[in-house]
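Report on the structure given below.
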Amino acid sequence: MENNKEFIEKINRLKKEKDAVILVHNYQRPEIYNIADFIGDSLELSRKAAETDAKIIVFCGVDFMAESAKILNPKKKVLLPTFEAKCPMAAMVNADELEKMRKKYPKAAVVSYINTTAEVKAVSDICCTSSNAVKVVNSLSEKEIIFVPDKNLADYVSRFTKKKIIPWKGFCYVHSRFMPEQVKEAKKLHEDAIVLAHPECPSEVIDKADAVCSTSGMIDFARKSDSRKFIICTEAGMIERLKTEVPSKEFLTLGTICIQQKKNNLQNVYDCLKNETNEIALDENVRIKAKEALDRMLKIK
Ligand code: 13P
Ligand code: SF4
């Protein structure tokens with residue numbers, strides 16, 4: 001295998017030649033940060049995907065992120081370095097099941113987390129991400145909300161709304177593993193540390209957190225905070241990103257890794273860009289309907 005430096009140079013050269021942009025989620029391998037045009041959370045990456053003029057988008061993240069970029073950019077080539085990068089939570093709800101739920105609660109609006117397939121987005125009223133879920137739910141006129149697929153995010157949102165939240169039973173295998181006892185122990189060992197948790201964590205962990213943020217929200221919080229030490233309750237790789245962005249502060253992780261996010265590497269990024277393979281393809285009817293749900297979300301500032 002060639003060394004990272006050579007790969008990075010080759011990928012950067014190809015990007016120019018092919019008029020490509022590389023969008024990178026915060027959980028990606030640190031070497032991938034070096035080839036990124038933009039690194040961010042799901043909402044920031046969707047906004048960047050909606051804005052770009054590039055001909056090709058290489059999405060270093062998981063399937064639903066690349067699909068969202070394609071939903072917003074039907075004329076562009078959107079490439080996912082490997083189709084093995086699939087978010088298991090996004091596969092926990094499908095469009096047929098969701099339609100059945102809609103029939104059961106005909107007055108409810110359907111809010112789908114961006115961690116869903118294009119087919120599920122197509123039968124949803126609006127999408128949300130971890131950073132705007134509360135805002136999205138409170139922006140709706142309906143009093144009942146079917147919230148898919150993350151039960152923990154649904155629980156989190158229900159703390160900040162008077163609406164009745166009808167949760168799906170999905171979960172993230174990385175975040176649902178966090179235990180309140182772990183947080184308690186870590187706080188005992190590091191009394192001066194601030195606990196930051198992602199809203200995909202169980203509510204008992206959210207109760208013990210000092211702040212609850214999206215992945216990029218954690219960077220912002222750490223930068224602005226007077227504290228010097230942070231206990232981070234999200235995917236373990238986020239630590240590398242925090243250390244790069246806020247090098248003067250200390251970050252401790254209690255988390256495990258998201259195997260699917262780590263399936264992208266410099267080799268498969270290079271291969272997919274060079275050969276223009278692993279293109280995301282969507283049924284046009286599905287794409288148009290899914291875009292309505294995404295556009296409604298993107299309009300919320
Ligand atoms: P963010 O939108 O906060 O980056 O979260 C995406 C995700 O998949 C968390 O597990
Ligand atoms: Fe999906 Fe969880 Fe991985 Fe995020 S961390 S991509 S929600 S499995």
Rg(Cα) / (2.2 N^0.38 Å) computed for the stretch 87-245, rounded to two decimals: 1.09
Surface per residue (accessible, 1.4 Å probe) for the chain, Å²: 45
Förster radius 35 Å - calculated FRET efficiency between Tyr173 and Asp53 (Cβ-Cβ, nearest 0.05): 0.45
Globularity index of the stretch 195-281, i.e. its alpha-carbon radius of gyration over 2.2 N^0.38 Å: 1.33
Accessible-area order (highest first, 1.4 angstrom probe) of the listed residues Tyr105, Tyr156: Tyr105, Tyr156
Top of Arg47, Arg13, Arg177 by mean-square fluctuation, Gaussian network on the chain, Cα under 10 Å: Arg13
Separation in nanometres of the label points that stand 7 Å from Cα toward Cβ, at Asn138 and Asn3: 5.2
Helix-only [θ]222 nm of the chain, DSSP H runs n ≥ 4, -39500 (n - 2.57) each, per residue, nearest 500: -12000 deg cm²/dmol
Debye, to nearest 20: dipole size of the stretch 170-301, +1 on Lys, Arg Cβ, -1 on Asp, Glu Cβ: 220
Cα-centre dipole for the stretch 96-233 with unit charges at Cβ (Lys and Arg positive, Asp and Glu negative), debye to 20: 340
Solvent-accessible area of Met238 with every protein chain in place, 1.4 Å probe, in Å² to the nearest 10: 0
Where Leu80, Leu189 fall by accessible area, highest first, once all protein chains stay in place (1.4 Å): Leu189, Leu80
Relative contact order for the stretch 180-241, counting Cα pairs under 8 Å that sit 6 or more residues apart, in percent: 38
Principal semi-axes in Å for the stretch 97-137 [√(5λ), Cα gyration tensor, largest first]: 18, 13, 6
Contact order relative to length of the stretch 1-128, as percent, for alpha carbon pairs under 8 angstrom and 6 or more apart: 18
GNM result for the chain, Cα springs below 10 Å: residue of Thr82, Thr116, Thr253 fluctuating most strongly: Thr253
Filtered trypsin sites (Lys or Arg not before Pro), the stretch 88-145: DSSP coil and at most 14 other beta carbons within 10 Å: Lys107, Lys143
Share antiparallel - DSSP beta bridges, the chain, percent rounded to 5: 5
Additional length obtainable on full extension of the chain from Lys103 to Leu298, 0.36 nm per residue less Cα span: 67.5 nm
Fraction of accessible area attributable to carbon and sulfur, the stretch 80-149 (%, probe 1.4 Å): 52
Using a Förster distance of 35 Å, the FRET efficiency for Gln267-Asp220 (Cβ separation, nearest 0.05): 0.60
Rounded to the nearest 20 debye, dipole of the chain from Cβ charges on Lys, Arg, Asp, Glu: 680
Where only alpha carbons of the chain are counted, the Rg and the Dmax (Å): 19.1, 57
Pairs of alpha carbons in the stretch 68-143 whose separation is greater than 18 Å (percent): 49
Exposure rank, largest accessible area first [Thr234, Thr244, Thr161; 1.4 Å]: Thr244, Thr161, Thr234
Cβ-derived FRET efficiency at R0 35 Å, Glu250 paired with Phe38, nearest 0.05: 0.85
Extreme residue, positive dipole direction of the stretch 100-240, given options Val110, Pro202, Gly237 (C-beta unit charges): Val110
In the stretch 186-271, GluC sites (Glu not before Pro) in a DSSP loop with at most 14 other beta-carbon atoms within 10 Å: Glu191
Whole-number percent relative contact order across the chain, with pairs defined as alpha carbons under 8 Å at least 6 apart: 22
Principal axis box of the stretch 34-115, alpha-carbon based, largest edge first, Å: 47, 26, 22
Neighbour cut-off at most 14 other Cβ (10 Å), DSSP loop, GluC sites (Glu not before Pro), the stretch 62-150: Glu84
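The values are calculated or read from the model by the stated rules, or taken from the named source; none is laboratory data. A quick note: this is a predicted structure, and the numbers were derived from the prediction, not measured. Here the Cβ is made from the backbone with ideal geometry for all residues, glycine too, and neighbour counts use every protein chain on show. The area values use the complete protein model at the heavy-atom level, side chains included, leaving out ligands, DNA and RNA. Shrake-Rupley method; radii C 1.70, N 1.55, O 1.52, S 1.80 Å.
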